[in-house]
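Asker: The following block contains the structure, expressed as structure tokens.
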Amino acid sequence: MLKSIIANNLKTARAKRGWSLSRASEITSVSKAMLGQIEREESSPTMAVLWKIAQGFALPISALVERHTADHMLGALRTSEEIALDDNIQFHTLFSYDPELNSEMFAMSIKPGKKHQSNAHTQGVIEDIVVISGTLDLYLQDNHTQYKAGQSVRFSADQAHGYGNSTKEVVHFHNIIHYPKLIAAL
Ligand code: MN
């Protein structure tokens, strides 16, 4: 089901831009073969690949993982099923991307011993993190800081960054992504 949602969103976004698979591949740095497999629901992207697609298309993450309906409520609240693209991080949408606010919000969790490394997002992207339970390791450049339940941090996400869990307990945190005003519609 997630596979088909992502496939439909990718096909729609590509069709609207009139991009061939080759063009989309150039822009996202994701191979043409992989993009084709995602569109045919033959494979789902890892979180890292999903971000590359989002960045190339100038789309928020929720535009790719949420089912889109004709009615576009302002400030739409959507609660998706938990999304696990790979074993490193799981998430579900709390608020999908809002074009007025230029932000989206997710509930995320990372299992013990796992780490999700992210490439730099689009210039100007800022992330807020609020740890709900457990302890989060946040990696920024060469720094590594631990945040415990109740603690929060805001950082520039247009640099390489990572989220990890070095404890024996699952860490749950909320993640708000603020985009500069250059995000496109699906
Ligand atoms: Mn990120």
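The values are calculated or read from the model by the stated rules, or taken from the named source; none is laboratory data. Keep in mind that what you see is a predicted model, and the values were worked out from it rather than measured. Quick reminder, even Gly has a Cβ in these numbers, built from the backbone with ideal geometry, and neighbours come from all protein chains shown. When the accessible area is computed, the model is the full protein with side chains, heavy atoms only, and any ligands, DNA or RNA have been set aside. Shrake-Rupley method; radii C 1.70, N 1.55, O 1.52, S 1.80 Å.
Asker: Hey, what's the per residue convex hull volume over the C-alpha atoms of region 78-186, in cubic angstrom? The partial results should precede the final answer.
Answerer: Working: hull volume 11.2 nm³, N = 109.
That works out to 103 Å³ per residue.
Asker: Turning to a different aspect of this structure: Find the centroid of the Cα atoms in region 125-186 and in region 1-20, then give the distance between the two in whole Å.
Answerer: Between the Cα centres of region 125-186 and region 1-20 lies a distance of 28 Å.
Asker: How long is the gain from residue 160 to residue 111 if the chain were fully straight, where each residue apart is worth 0.36 nm and the alpha carbon distance is subtracted? Before the final figure, lay out the partial values.
Answerer: Working: separation 49, 0.36 × 49 = 17.64 nm, distance 2.10 nm.
This chain segment gains 15.5 nm when fully extended.
Asker: While we're here: Excluding ligands and nucleic acids, what accessible area in Å² is computed for residue 155 using a 1.4 Å probe, to the nearest 10?
Answerer: Roll a 1.4 Å probe over it and residue 155 shows about 10 Å².
Asker: Follow-up. Normalized C-alpha radius of gyration of the chain, against 2.2 N^0.38 Å?
Answerer: Values: Rg = 16.0 Å, N = 186, 2.2 N^0.38 = 16.0 Å.
Expressed relative to 2.2 N^0.38 Å, the Cα Rg reads 1.00.
Asker: Tell me which of 180, 163, 7 sits at the most positive position along the dipole axis of the chain, charges placed on C-beta atoms (Lys, Arg +1; Asp, Glu -1).
Answerer: The listed residue farthest towards the positive side: 7.
Asker: Let me ask something else. What do you get for GluC sites (Glu not before Pro) in region 83-151 restricted to DSSP loop and a cutoff of at most 14 other Cβ within 10 Å of the site's Cβ? Could the numbers behind the result be given before it?
Answerer: Working: sites: 100, 104, 127; in loops: 100.
Taking region 83-151 and a limit of 14 other Cβ atoms within 10 Å, the loop GluC sites (Glu not before Pro) found are 100.
Asker: How about residue 111: which lysines have a C-alpha closer than 25 Å to its C-alpha, ignoring those fewer than 8 places off in the same chain?
Answerer: Straight-line reach from residue 111, under 25 Å: 3, 52, 148, 168.
Asker: Quick one: how many Å² of residue 148 are accessible to a 1.4 Å probe, rounded to 10?
Answerer: In the full protein context, residue 148 sits at about 110 Å².
Asker: Sticking with this one: Rounded to the nearest 10 Å², what accessible area does residue 139 have for a 1.4 Å probe in the complete protein model?
Answerer: Approximately 60 Å² of residue 139 is accessible to the 1.4 Å probe.
Asker: Could you tally the net charge around residue 127, taking each other residue with its Cβ under 12 Å from the Cβ of residue 127, Lys/Arg +1 and Asp/Glu -1? Display every interim value, and only then the final one.
Answerer: Working: positive: 154; negative: 104, 128, 158.
Once all neighbours under 12 Å are counted, the net charge is -2.
Asker: Apply the Karplus curve 6.51 cos²θ - 1.76 cosθ + 1.60, θ = phi - 60°, to the phi angles in region 108-113 and return the couplings in whole Hz, x for Gly and Pro.
Answerer: 10, 8, 10, 6, x, x
Asker: Applying the Karplus parametrisation 6.51 cos²θ - 1.76 cosθ + 1.60 with θ = phi - 60° to the phi angles of region 38-53, what ³J(HN,Hα) value in whole Hz is obtained for each residue in order, glycine and proline being reported as x?
Answerer: Each residue's phi maps through the Karplus curve to give 5, 5, 8, 6, 8, 8, 9, x, 6, 4, 5, 5, 4, 5, 4, 5 Hz.
Asker: Taking the C-alpha atoms of region 1-61, how large are the radius of gyration and the largest Cα-Cα span, Dmax, in Å?
Answerer: 10.0, 27
Asker: A further question follows. Quick check: residue separation of residue 152 and residue 21 times 0.36 nm, minus the Cα distance between them. What number comes out in nm? Display every interim value, and only then the final one.
Answerer: Working: separation 131, 0.36 × 131 = 47.16 nm, distance 4.00 nm.
So the chain would gain 43.2 nm between residue 152 and residue 21.
Asker: Between residue 3 and residue 174, what length in nm is gained on full extension when 0.36 nm per residue of separation is reduced by their alpha carbon distance? Mind dumping the intermediate values first?
Answerer: Numbers: separation 171, 0.36 × 171 = 61.56 nm, distance 2.37 nm.
Full extension from residue 3 to residue 174 adds 59.2 nm.
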